[in-house]
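*Asks:* Okay, handing you the structure first.
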Amino acid sequence: MTTRYAVNARSAWPKLPLLEDWQDTCTTFHMWTQVIGKIRLALSPDINHCWGSTFYVTTRGLTTSPIPYGTLTFAIDFDFIAHVLRITTSSGADQAFALEPMSVASFYRKTMQTLSELGIEVKILARPVEVEVAIPFEQDDQHASYDADTVARFWHVLVHADCIFKDFRARFIGKVSPVQFFWGGIDLAVTRFSGRTAPKHPGGAPNVAIRVTQDAYSHEVSSAGFWPGMGLGEAAFYAYAYPFPAGFDKYPVQPAAAYFHDQLRFFILPYEAVRTAENPAQALLLFLQTTYDAAATLANWDRPALERKITQT
């Protein structure tokens with residue numbers, strides 16, 4: 001199992017603290033991304049599976065990519081090198097403010113004020129999703145932490161994962177998602193589709209309309225991603241299938257550190273196991289491939305029609 005991505009040395013993969021050690025920053029950052037995500041959601045075309053509202057990894061952080069507004073476009077970028085939120089427009093305007101300890105309410109007000117100064121007026125449903133306690137952004141003075149070093153470390157993992165996920169994505173010629181960052185679950189993900197429709201999803205995600213979940217899982221999928229580890233306690237890579245094929249949880253996946261989490265119903269590969277592997281990129285790619293093998297084999301996907309081999313050039 002090889003990858004075009006050459007970052008294999010352990011030293012290239014930053015160490016991340018346990019989630020409990022940066023939980024306040026993680027939650028604050030999560031809510032900030034939801035503010036920006038809601039702006040893209042309000043103004044962008046409604047692409048299936050919520051793909052029209054996600055972020056993408058950049059050389060400095062995360063971006064919305066261009067958002068249409070009247071006769072121009074604008075983009076909102078999290079810059080985790082300079083630690084600023086930057087808003088740029090196709091007319092040449094450019095404004096930014098510092099990312100530093102501040103409440104979600106303050107971040108929301110600053111963002112909306114900066115947009116207004118650029119002539120952009122947008123109304124959003126100013127309340128978070130996919131969290132049990134959904135404090136309206138304007139009222140959230142509870143979450144106000146920002147550990148710049150840890151956020152930058154987390155982003156550097158996204159940079160590495162983004163490249164490896166794209167390599168994995170290229171091996172599939174059926175319908176496959178972009179590699180994208182979902183601000184609802186604060187995860188980077190890539191999803192393959194068998195081409196068959198799926199049973200209606202029962203829903204159940206907190207503060208998410210069932211129509212959203214059913215659109216996300218309208219078709220049979222094998223999905224993988226990386227997230228800080230809410231419900232787990234440590235950053236990890238994950239993989240799952242919907243619908244859940246019989247025997248999926250018992251399928252032998254690799255590397256050895258990977259396991260099936262009964263409560264989350266995911267295969268899990270702890271980030272620390274990847275970081276400390278002899279070849280981290282190869283370990284991650286092996287996890288992506290074998291968990292996909294589990295889903296595609298057990299659910300009888302038409303693999304010859306959906307897969308291709310990548311040749312090195």
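The values are calculated or read from the model by the stated rules, or taken from the named source; none is laboratory data. These numbers were taken from a predicted model, which means no experiment stands behind them. Counting neighbours? That spans all protein chains shown, and the Cβs are built from the backbone with ideal geometry, glycine included.
*Asks:* Exactly one condition in (1) of a type outside the set (S, T, N, Q); (2) in contact (Cβ under 8 Å) with a residue 60 or more places away in the chain; (3) in a loop (DSSP other than H, G, I, E, B) is not met by Gly119; state its number.
*Replies:* Going through the list (1) of a type outside the set (S, T, N, Q); (2) in contact (Cβ under 8 Å) with a residue 60 or more places away in the chain; (3) in a loop (DSSP other than H, G, I, E, B), Gly119 breaks only (2).
*Asks:* Any residue at all in the range 274-284 that is closer than 24 Å to Leu16 by Cβ, in contact with a Lys or Arg (Cβ under 8 Å, 6 or more places away or on another chain) and part of a helix (DSSP H, G or I)?
*Replies:* Checked the range 274-284: at least one residue is closer than 24 Å to Leu16 by Cβ, in contact with a Lys or Arg (Cβ under 8 Å, 6 or more places away or on another chain) and part of a helix (DSSP H, G or I).
*Asks:* Across the range 220-254, what is the number of residues that are farther than 21 Å from Thr25 by Cβ and surrounded by fewer than 17 Cβ atoms within 10 Å (Cβ to Cβ)?
*Replies:* The qualifying residues number 8.
*Asks:* Consider only pairs whose beta carbons are under 8 Å apart and that are at least six residues apart or on different chains; among these, list those whose first residue lies in the range 99-113 and is more than 11 Å from Thr28 (Cα to Cα) and in contact (Cβ under 8 Å) with a residue 60 or more places away in the chain and whose second residue is of a type outside the set (A, V, I, L, M, F, W, C) and buried (at least 20 other Cβ atoms within 10 Å of the Cβ).
*Replies:* As it stands, the answer is Tyr108/Asp140, since those pairs meet every condition given.
*Asks:* Just need a number here: residues in the range 122-169 that are assigned to a helix (DSSP H, G or I), more than 13 Å from Val35 (Cα to Cα) and among the hydrophobic types (A, V, I, L, M, F, W, C).
*Replies:* The total comes to 13.
Residues are listed down the side, and each one gets a yes or a no for (1) assigned by TED's automatic domain parsing to the domain that holds Arg127; (2) within 17 Å of Leu288 (Cα to Cα); (3) assigned to a helix (DSSP H, G or I):
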| position | (1), (2), (3) |
| --- | --- |
| Gly185 | no, no, no |
| Ala189 | no, yes, no |
| Phe193 | no, yes, no |
| Pro199 | no, no, no |
| Pro202 | no, no, no |
| Pro206 | no, no, no |
| Gln214 | no, no, yes |
| Phe226 | no, yes, no |
